[in-house]
Amino acid sequence: MWSVEFWKSAGERALRTFAQVLLSLIVVGETGFMDVDWVQAGSVAGLAALASVLMSVVATGVGDKGSASLVRDR
């Protein structure tokens, strides 16, 4: 958890989660691009990204030491 590689991996996962949640809110809401409540959508996606970072931190005790992954690399 104290390496640059860990934070790169965790950041990538959080960014992907943010984008996936934001896209799902747009698609599921079936609204036009201009009708989206961007503040609310950004807030929900940001919370999901925070949850992703926290899961990466938790993963350091489960998967490979120093890795953001829950699985071990064998």
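Extending 7 Å from Cα along the Cβ direction at residue 40 and again at residue 23 yields two label points whose distance is 2.2 nm. Measuring between their Cα centroids, region 38-53 and region 7-35 lie 8 Å from each other.
Each value in this text was obtained by applying a stated rule to the coordinates, not by laboratory testing. Here the structure is a predicted model, which means the values were calculated and not measured. Using ideal geometry, Cβ is built from the backbone for each residue, glycine included, and neighbour counts are taken over all protein chains shown.
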